[in-house]
Amino acid sequence: MIPELFLFITLAFIVLFVTSTVIYSTVKLGISPMPSSYKAYLAMMKLADETGTGTIIDMGSGWGNFVIPIAKKYPQRQIVGYELSYLPWLTSTLLKKLLGLKNLTLYRQNFYKADLSKASVLVCYLFPEAMDKISKKLWLEQASVNFVISNNFVLPLWQHSKVIRINDFYKSPVYLYDISNSEHK
Ligand SMILES: C[S@@+](CC[C@H](N)C(=O)[O-])C[C@H]1O[C@@H](n2cnc3c(N)ncnc32)[C@H](O)[C@@H]1O
């Protein structure tokens with residue numbers, strides 16, 4: 001009885017710890033680590049196919065639902081993820097190690113402070129205020145970013161070059177911005 005009770009209490013603490021770290025990050029960052037839907041993920045992968053061979057950065061890589069498959073698909077391409085929420089970052093880091101993905105780098109850092117000088121493509125599934133800040137960061141830093149792929153939210157100040165409307169209830173958009181060839185509004 002005593003070992004079972006001990007096991008139960010330990011498990012309850014682990015579940016409580018895991019839940020509270022995710023809730024804490026969600027409140028602090030303004031967004032949960034919910035992954036893109038499967039249909040949106042397919043659209044993002046399709047748009048990524050049109051972006052050449054440069055470094056892809058996922059701004060908020062969550063549990064790794066985008067960065068891991070794309071790092072597997074393009075072993076010659078550098079893939080980077082920034083994620084502040086501890087448990088999603090830890091999970092994706094363990095998966096990266098398990099799968100031996102040498103072209104994937106995962107930082108537990110704030111993407112607003114990220115060095116974008118070597119980035120070619122930014123991938124986002126965020127919220128309007130975050131897209132606003134990213135747009136300003138791109139403009140102010142005159143970053144070398146060529147493309148932005150955004151699931152569901154527009155990138156203010158830029159004109160998208162392509163949009164895929166996924167086959168869900170809302171016909172949700174996934175945008176491609178060709179930053180190097182588009183007019184800044
Ligand atoms: C909705 S999830 C998207 C996950 C993944 N990119 C996808 O499409 O499946 C957004 C992630 O961004 C992370 N995030 C939000 N603000 C951040 C910041 N300033 N720096 C790093 N990560 C951040 C959140 O913790 C969350 O995991």
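The values are calculated or read from the model by the stated rules, or taken from the named source; none is laboratory data. Quick caveat, the model's predicted, so the values are computed rather than measured. All Cβ positions, glycine included, derive from the backbone under ideal geometry; neighbour counts span all protein chains shown. The accessibility values were calculated without ligands, DNA or RNA, using every heavy atom of the protein model including side chains. Shrake-Rupley method; radii C 1.70, N 1.55, O 1.52, S 1.80 Å.
Listed values, structure above:
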{"item": "Region 145-159, subset aliphatic (A, V, I, L, M) and in contact with a Leu (Cβ under 7 Å, 6 or more places away or on another chain), residue surrounded by the most Cβ atoms within 10 Å (Cβ to Cβ)", "result": "ILE149"}
{"item": "Boolean, ASP58 is among the charged types (D, E, K, R) and within 7 Å of the ligand (Cβ to nearest atom)", "result": "yes"}
{"item": "Meets criteria (open to solvent by less than 60 Å² (accessible area, probe 1.4 Å), in contact (Cβ under 8 Å) with a residue 60 or more places away in the chain and touching a Cys at 6+ places or on another chain (Cβ under 8 Å)) for MET59", "result": "yes"}
{"item": "Residue list for region 148-177, restricted to those being of a type in the set (Phe, Trp, Tyr) and in contact with a helix residue (DSSP H, G or I) (Cβ under 6 Å, 6 or more places away or on another chain)", "result": "PHE153"}
{"item": "Hey, LEU84 within 21 Å of ASP132 (Cβ to Cβ) and either open to solvent by less than 20 Å² (accessible area, probe 1.4 Å) or within 15 Å of the chain's Cα centre (by Cα) (or both) or not", "result": "yes"}
{"item": "Enumeration of residues in region 87-121 that are open to solvent by 90 Å² or more (accessible area, probe 1.4 Å), assigned to a loop (DSSP other than H, G, I, E, B) and more than 14 Å from the ligand (Cβ to nearest atom)", "result": "LYS102, LYS118"}
{"item": "Subset of region 160-185 [open to solvent by 90 Å² or more (accessible area, probe 1.4 Å) and within 22 Å of SER117 (Cα to Cα)]", "result": "ASN181, GLU183"}
{"item": "TYR41 being open to solvent by less than 100 Å² (accessible area, probe 1.4 Å), closer than 30 Å to GLU129 by Cβ and among the aromatic types (Phe, Trp, Tyr)", "result": "yes"}
{"item": "Index of the failed condition, ALA12 passing every other in (1) open to solvent by less than 70 Å² (accessible area, probe 1.4 Å); (2) more than 10 Å from the ligand (Cβ to nearest atom); (3) closer than 20 Å to PHE153 by Cβ", "result": "(3)"}
{"item": "Residue pairs meeting the criteria (Cβ under 7 Å; at least 6 apart or on separate chains; first within 26 Å of LEU84 (Cβ to Cβ), in region 34-56; second more than 11 Å from the ligand (Cβ to nearest atom) and in a helix (DSSP H, G or I))", "result": "ILE56/ALA48"}
{"item": "Subset of region 27-42 (residues that are more than 7 Å from the ligand (Cβ to nearest atom) and touching a Ser or Thr at 6+ places or on another chain (Cβ under 7 Å))", "result": "ALA40"}
{"item": "Residue list for region 125-144, filter: open to solvent by less than 60 Å² (accessible area, probe 1.4 Å), out of contact with any Phe, Trp or Tyr (no Cβ under 7 Å at 6 or more places or on another chain) and at pLDDT 95 or above", "result": "ALA130, ASP132, ILE134"}
{"item": "Residue, nearest to ALA48 (Cα to Cα), within region 70-81, restricted to residues that are part of a helix (DSSP H, G or I) and open to solvent by 50 Å² or more (accessible area, probe 1.4 Å)", "result": "LYS73"}
{"item": "Long-range neighbours under 8 Å by Cβ, at least six apart or interchain, first residue outside the structural domain of TYR41 (by TED's automatic domain parsing) within region 136-161, second of a type in the set (A, V, I, L, M) and surrounded by 19 or more Cβ atoms within 10 Å (Cβ to Cβ)", "result": "none"}
